[in-house]
1. Does T77 meet the test of being in a loop (DSSP other than H, G, I, E, B), buried (at least 17 other Cβ atoms within 10 Å of the Cβ), modelled with pLDDT of 95 or more and more than 13 Å from the chain's Cα centre (by Cα)?
2. Condition test on A33, is it crowded, with 21+ Cβ neighbours inside 10 Å, of a type in the set (G, A, S) and in contact with a strand residue (DSSP E or B) (Cβ under 8 Å, 6 or more places away or on another chain)?
3. (1) at pLDDT 95 or above; (2) under 25 Å from R182 (Cβ atoms): which one isn't true of M1, the others all being true?
4. Since D47 meets every condition but one in (1) surrounded by fewer than 14 Cβ atoms within 10 Å (Cβ to Cβ); (2) in contact (Cβ under 8 Å) with a residue 60 or more places away in the chain; (3) closer than 11 Å to L181 by Cα, which condition does it not meet?
5. Return yes or no: is E7 modelled with pLDDT of 95 or more, among the acidic types (D, E) and not in a strand (DSSP E or B)?
6. Tell me which residues, restricted to the stretch 136-152, are buried (at least 24 other Cβ atoms within 10 Å of the Cβ) and among the acidic types (D, E).
Amino acid sequence: MLTALDEEVALICVDLQAGILRMPVNRDTAELAARAGTLATAFRAHDKSIVAVTVGGSPPGRTERGPQAVDLSDDFTTPSPALNVGPPDIEVRKTAWGALTGTDLQQRLTERGTRQLVICGISTSIGVESTARAAFDLGYHVVIATDLIADTSPEAHANSLERIFPRMAELATSRDLLSALRAHAGIRHISN
């Protein structure tokens with residue numbers, strides 16, 4: 001449950017990109033992207049940071065499944081149009097599972113004074129969970145937007161949501177987050 005929305009909060013949209021949105025997951029990806037876009041618009045309206053993370057390759061390590069090829073067709077890494085990504089948003093291209101591994105994202109968030117991260121995206125048990133784990137380890141206040149995450153495996157999605165995320169994050173729906181943004185703006189307006 002969301003206890004507070006910090007002044008310096010960022011919305012991280014993990015892998016909400018053309019190639020990933022074509023994958024079969026446990027939610028309708030068009031609806032998920034549209035709702036993430038609505039949340040991103042609200043964050044921008046309240047002068048909060050948006051981070052659009054796209055995966056553009058794979059880590060080099062060996063796995064039991066063999067090489068982890070990523071289909072880098074022409075539009076694979078294009079962020080969902082629903083997110084309306086542009087300046088001053090932060091765009092990050094990653095080759096690891098998590099957005100904070102092997103990228104300059106932590107530095108860019110630190111420059112903005114960000115202390116809280118709201119995370120959404122695909123896949124729950126891979127990109128979202130890896131980003132949340134790293135963020136928690138780095139001392140960020142982490143919030144998972146529970147209705148804005150999806151996975152190719154319903155079992156892995158449930159495991160992350162029920163067993164992993166409650167140990168490192170607060171859980172909130174996009175509706176909760178929109179309400180918190182409106183309430184936060186009202187408090188800031190009253191105190192000015």
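1. Numbers: in a loop (DSSP other than H, G, I, E, B): yes; buried (at least 17 other Cβ atoms within 10 Å of the Cβ): yes; modelled with pLDDT of 95 or more: no; more than 13 Å from the chain's Cα centre (by Cα): yes.
No, not satisfied.
2. Working: crowded, with 21+ Cβ neighbours inside 10 Å: yes; of a type in the set (G, A, S): yes; in contact with a strand residue (DSSP E or B) (Cβ under 8 Å, 6 or more places away or on another chain): no.
When the stated conditions are applied, A33 does not pass them.
3. If we test M1 against (1) at pLDDT 95 or above; (2) under 25 Å from R182 (Cβ atoms), just (1) comes out false.
4. (2)
5. Numbers: modelled with pLDDT of 95 or more: no; among the acidic types (D, E): yes; not in a strand (DSSP E or B): yes.
Here the answer is no, as E7 does not meet what is asked.
6. Listed by number, the list holds a single entry, D151.
Okay, residues lined up against (1) at pLDDT below 95; (2) surrounded by 24 or more Cβ atoms within 10 Å (Cβ to Cβ); (3) not polar (S, T, N, Q):
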residue: V92; (1), (2), (3): no, no, yes
residue: T95; (1), (2), (3): yes, no, no
residue: A99; (1), (2), (3): no, yes, yes
residue: D104; (1), (2), (3): no, no, yes
residue: E111; (1), (2), (3): no, no, yes
residue: C120; (1), (2), (3): no, yes, yes
residue: T124; (1), (2), (3): no, yes, no
residue: S130; (1), (2), (3): no, no, no
residue: A134; (1), (2), (3): no, no, yes
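Table: residues versus (1) in contact with a helix residue (DSSP H, G or I) (Cβ under 8 Å, 6 or more places away or on another chain); (2) among the polar types (S, T, N, Q); (3) on the phi < 0 side of the Ramachandran plot.
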{"residue": "D6", "(1), (2), (3)": "no, no, yes"}
{"residue": "Q17", "(1), (2), (3)": "no, yes, yes"}
{"residue": "A34", "(1), (2), (3)": "yes, no, yes"}
{"residue": "R44", "(1), (2), (3)": "no, no, yes"}
{"residue": "V53", "(1), (2), (3)": "yes, no, yes"}
{"residue": "D75", "(1), (2), (3)": "yes, no, yes"}
{"residue": "G98", "(1), (2), (3)": "yes, no, yes"}
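The values are calculated or read from the model by the stated rules, or taken from the named source; none is laboratory data. Source: prediction; values computed, not measured. FYI the Cβ positions are ideal-geometry reconstructions off the backbone, even for glycines, and counts take in every protein chain you see.
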